[in-house]
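K.L.:
I am attaching a structure below and will ask some questions about it afterwards.
Read-outs: derived from the displayed coordinates by stated rules, not from any lab. A quick note: this is a predicted structure, and the numbers were derived from the prediction, not measured. Cβ placement follows ideal geometry from the backbone for every residue including glycine, while neighbour counts extend to all protein chains displayed.
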Amino acid sequence: PRRAMAKLLVPLVMLGAVAGSPQRCPPRCLCPAAAPSPTLLCARTGLLAVPPSLDRGAVELRLADNFIGSVGRRDFANMSSLVHLTLSRNGLRRLAPGAFADLRALRALHLDGNRLPALNGAQLRGLANLRHLILANNQLAAIEPAAFAAFAATVEDLDLSHNNLPALPWDAVASMASLATLTLDHNLLERVPAGAVARLPRLTRLDLTANRLRVLPPIPGPPGPSLAAGGNPLHCNCELLWLRRLAEPGRLESCASPPPLAGRLLWAVPEEELSCRAPSIAGAGADPAAAVLEGQPLRLLCRALGDPPPLLHWLGPDGRLVQNGSARALGGDGSLELKVATLKDHGAFTCVASNAAGEAVAKVPVVVLPLPVPHDPQGFEDSGLVPGPSDMARAGGNESGVGAGAGAERRIVAAELTASSARIRWLPHRHVPGIRMIQVQYNSSLDDSLVYRLLPPSSRTFVLRDLASGRDYDLCVSALLAEALPASRSLGCVRFSTAPAPRACSSSPPRPHFLGGTVIIVIGAAIAASVLVFILILTARYKAAAAARRLPPPALASVCSQTNGSHG
């Protein structure tokens, strides 16, 4: 009995020992048994890669101070319980897309002290509960806006200090509603957009130390976030009055310009010395300065001085703000380029320079002349040009001239206008040799996108189709030259309007489905009427038969018969 009992107890003891022993630790790692939750300590162990034998149920994993150069897609797969991950000071250069996709419970990710060059949207995908992201002391030069999308609603601490960032995806940062600490010191930032910080309601600390900021937009407060902005080449003028009023002895914000204030601490500069200078127009004009023919390019120049440097914008002859489009382009230096001058550009353009101290305006007159037109409308025939076939567009070839009166005034004529089409006619350009092709370009008044059509060089008329009804169109015709500079020569421009769309006629023929339904209804009504008539006939005959059965039998009268001449 004792031997049998011993044989029974030995397996039970071994089974209990195995069940009570902790899971085997990965090589070179420590797994403290006293830790309240599964913890893997693999720091400073000389690891060259993430150990494949990690406990997938671990809550904390420390892999700092190793030589892990990259993180693959499967290195942290199925570790859905991991809350804290440290990969600091490993020389990391590459994060595979989705490397942290399974870490749905992760709250803190430390990637500082590595060599990451950039961040894109796929690398940090899946971190839906991240609270702390530490990316300090890397080599980050660019961050995509989608890189922060997975945890924009939960992150509270974002550290991007000591990198090479010349700019930041501020719209993505401004969407972090829970962000409390934003650390951006020792980067290459040159600009903080106005209003970006105001969109962070829970921000308590903002560090912009040692960047390249010359201007700082006002930070909301008080109460507001504590701000550190020392070590920036600030331009001290009236735009920094808000920071001067927050400054106190001991703050490190200093002035780099203007020269009278260079090197002085901002808090020590009296407010009356932080002044701005209203803008003044130093020069404005057109290039070329003389009048231009319609269809030719024109450039308007404007230069303004002021402190801070004024912003420039233009108003057209109609008083409306000029914006970038297919026909007009605004340059970074404040210039305005009219790619194709039209008669509606004739007038005075206004250059407006504005800054925090005021604004200044200057008028730039623009003279656009219509193209000259020969007085003989039969010039079409004299030129000997006959339209030829084209596989790019269909051009009419039997036009002998322009409409009466129109040809004597303009070189380009729009005729036969309908709600969706127009015929364009133009006089040939006799003094332009080597024409390779005719180009027609036009756009609607409600659309800045130009439409181009190419025609044979002998064409002098073209039909525009598929136009929108009730709109104004600007159209120009140019000759593309074979071997000459400039490569094109304008033949003229015209503005025309399409007719409004006709109203739908109320007496339109019935639609097929309407006719089919009507026929079905008529046939059904005829069948119903026939059945009703048949029932009425049967009912009448039935009533007649019943009445005949109810009549009494006729009475018998005395009958005398004569047979063989005798009485009966």
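K.L.:
Using Cα-Cα distances under 8 Å and only pairs 6 or more residues apart, what relative contact order does the stretch 277-369 have, in percent?
P.N.:
Values: 230 pairs, mean separation 35.0, N = 93.
The normalised contact order for the stretch 277-369 reaches 38 percent.
K.L.:
Find how much the distance from Ala128 to Arg549 grows on full extension, using 0.36 nm per residue of separation minus their present alpha carbon separation; answer in nm with one decimal. Write down the numbers at each step before the final one.
P.N.:
Details: separation 421, 0.36 × 421 = 151.56 nm, distance 9.74 nm.
Once the chain is fully extended between Ala128 and Arg549, it gains 141.8 nm.
K.L.:
If you don't mind, there's one more thing I want to ask. Does the stretch 324-368 classify as rounded, prolate or oblate by the C-alpha gyration tensor (a ≥ b ≥ c root eigenvalues; a/c under 1.5 gives rounded; else a/b over b/c gives prolate, otherwise oblate)?
P.N.:
Working: a/c = 3.41, a/b = 1.58, b/c = 2.17.
Here the stretch 324-368 falls in the oblate category.
K.L.:
Ignoring solvent entirely, what values of log10 I(q)/I(0) come out of the Debye formula for the stretch 78-211 at 0.09, 0.14, 0.16, 0.18 Å⁻¹ when each Cα is a single scatterer?
P.N.:
After summing over all Cα pairs, the log10 values are -0.23, -0.58, -0.77, -0.99.
K.L.:
Which value in nm describes the separation of the simple spin-label points at Cys276 and Arg495, placed 7 Å from the Cα toward the beta carbon?
P.N.:
3.7
K.L.:
Please give me the summed charge of the neighbours of Ala101: other residues whose Cβ is under 9 Å from its Cβ, Lys and Arg +1, Asp and Glu -1. Please list the in-between numbers first.
P.N.:
Working: positive: Arg73, Arg104, Arg125; negative: Asp102.
Around Ala101, the charge tally is +2.
K.L.:
Right, something else. To the nearest Å, what is the center-to-center distance of the stretch 285-349 and the stretch 152-182, using C-alpha atoms only?
P.N.:
If we compute the Cα centre of each part, the gap is 39 Å.
K.L.:
Also: Considering the alpha-carbon set of the stretch 236-363 alone, what are its Rg and its Dmax in angstrom?
P.N.:
Just the Cα atoms of the stretch 236-363 yield Rg and Dmax of 19.8, 65 Å.
K.L.:
Asp466 to Leu265: extension gain in nm, 0.36 nm per residue of separation minus the Cα-Cα distance? Walk me through the intermediate numbers first.
P.N.:
Details: separation 201, 0.36 × 201 = 72.36 nm, distance 6.71 nm.
Full extension of this stretch gives 65.6 nm more.
K.L.:
Another question about this same structure. Using DSSP to call loops (not H, G, I, E or B), can you name the GluC sites (Glu not before Pro) in the stretch 142-250 whose Cβ has at most 14 other Cβ atoms within 10 angstrom? Working shown, then result.
P.N.:
Details: sites: Glu156, Glu190, Glu239; in loops: Glu156, Glu190.
In loop regions of the stretch 142-250 (DSSP not H, G, I, E or B), the sparsely surrounded GluC sites (Glu not before Pro) are Glu190.
K.L.:
Between Lys363 and Arg303, what length comes free when the chain is fully extended (0.36 nm per residue of separation minus the Cα-Cα distance, one decimal in nm)?
P.N.:
Details: separation 60, 0.36 × 60 = 21.60 nm, distance 1.25 nm.
This chain segment gains 20.4 nm when fully extended.
K.L.:
Let me ask something else about it. At 7 Å along the Cα-to-beta-carbon direction for both Leu311 and Asp171, put a label point, then send me their distance in nm to one decimal.
P.N.:
It is 1.7 nm.
K.L.:
State, to one decimal in nm, how far the label point of Ile520 lies from the label point of Phe67, with both points 7 Å from Cα in the Cβ direction.
P.N.:
Between Ile520 and Phe67, the label points sit 8.3 nm apart.
K.L.:
What FRET efficiency do you get for Ser326 and Arg93 if R0 is 41 Å and r is their Cβ-Cβ distance, rounded to the nearest 0.05? The partial results should precede the final answer.
P.N.:
On the way: r = 44 Å, r/R0 = 1.08.
Calculated value: 0.40.
K.L.:
For the stretch 313-369, which trypsin sites (Lys or Arg not before Pro) are in a loop by DSSP, counting at most 13 other Cβ atoms within 10 Å?
P.N.:
Working: sites: Arg320, Arg328, Lys339, Lys344, Lys363; in loops: Arg320, Lys339.
Listed in order of number, the matching sites are Arg320.
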